[in-house]
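Every number here is computed from the coordinates shown, using simple stated rules; none is lab data. The model shown is predicted, which means the values in this text are computed figures rather than measured ones. Positions of Cβ are backbone-derived with ideal geometry, glycine not excepted, and every protein chain shown enters the neighbour counts.
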Amino acid sequence: MSRIASPSLVAALLLLVAGCASHDTASDQAGPGIHRGTSAKFDAHHDFVVDIPEGAKQVDIWFATPHPKDPMQRVSDWRVESEHPHRFVEDNHGNRYLYMRLESPEPGKLDVGTSFTVTRYEVRADVDPTHTRPHTEAELARLAPYLKGSSQSVIDADARAMALRVVGSERNPIRASRKIYDAILDHVEYHVKDPKPDAQKTMNSTGTGSSQQCFSTGTGNCTDFHSLYAAVSRAAGIPTRAVYGSFFKGPLDGQDKDQSYHCWIEFHAPEIGWIPLDVAVADIFVRDFEANEHSGPRADLTVADGYKGPDAAMVDYYFGNLDERRVTWHWGRDLVMDPPQKGKPLLWNPKAYAEVDGEPAGIVSRKLTFHQKP
């Protein structure tokens, strides 16, 4: 299906290109100790179907788009296929979405097709603890938003106790963060490891990315892992921020199957910047598990390029590094859209969010497919 940018989007597209052009180095967004490694290029289709209900007077939809300010990705050939007016907007964290308002729309299914080409870079961070230092009071004041809990990443007694037990008196942010990383790997297991069929699984995600439920059950998905990580890290006084994106999963290259979404975390270290980690993916590699006909395929589609067994080197790798098979949608949680949604702040929005006559409505389905370019 061809993708042709509508005339009403030309100005917004120019703004998007200008925004990308103004971020030519990793240092302006990530930090001086965050560097690009290998790269990969993907043609992607992010397609949506909106099921408009009978009698709807106003439908508002915020569609996820690739973030133009992530220094580890370069987006080009952005296309939108829709006859309805649409524009770019930003949320309270500065993330960008494609926004559409439909007035007295006809009931039925509405297709909104988007496509783009993204060159994605591997993230390589300096994790030498001698290259950083504890945060100053002034730095912590500036980074105060990244030290607060959120609706689902709660700095409660359990998070504080875990931070005290694991970190103790350590104030070097890299040393402390590695201690938290290892402790989360010991405490939580990715739910895909459950060897039972989906309908019989006892290891499950929380559904909301709840740090409290993840702590108590010891299992979860990527958002659960990183919500708990953020709660413990912030309790230890280390600024963190969540990142939501998607994998370009190697086994699904060229297939008509959705890539779903994935999240990871970044913590701040003075003199270096925002250091990424993916403790959820690392957990797949940390030790052997029963990779049978149920858990094996799940694990295969949880990591970037297929599961090939335990790998201690990959566990170390995902502390400070990220593979290049990703796209970033947004930073942060508890999102407030523009114009503001009538419902509660969004726990995340890596796909799309819709409201019908001011009420949250699950009327949008989406599919992210891709092909890797030579």
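Structure values in brief
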| item | result |
| --- | --- |
| Candidates Asp338, Asp194, Asp288, ranked by Gaussian network fluctuation over the chain, Cα under 10 Å, top entry | Asp288 |
| Pairs beyond 21 Å (Cα-Cα), from Lys308/Lys351; Lys69/Lys179; Lys249/Lys373; Lys41/Lys367; Lys201/Lys351 | Lys308/Lys351; Lys69/Lys179; Lys201/Lys351 |
| Calculated P(r) tail over 32 Å for segment 126-323, as whole % of Cα pairs | 15 percent |
| Of Ile52, Pro276, Ile238, farthest towards positive along the dipole that unit charges on Lys, Arg, Asp, Glu beta carbons give the chain | Ile238 |
| Top positive-direction residue, dipole computed over the chain with Cβ charges, set Gln259, Asn204, Ala159 | Ala159 |
| Nearest-ten-degree value, helix 173-187 long axis tilted from longest Cα axis of the chain | 80 degrees |
| Cα long-axis angle, helix 10-21 against the chain (0 to 90 degrees, to the nearest 10) | 20 degrees |
| Enclosed volume per residue, in Å³, of the convex hull spanned by Cα atoms of the chain | 142 Å³ |
| For segment 187-251 versus segment 120-141, the gap between their alpha-carbon centres in whole angstrom | 24 Å |
| Aspartates and glutamates whose Cα lies under 13 Å from that of Lys193, excluding same-chain neighbours fewer than 8 positions away | Asp283, Asp288, Glu290, Glu293, Asp300 |
| Degrees between helix 222-235 axis and first principal axis of the chain (Cα, 0 to 90, nearest 10) | 50 degrees |
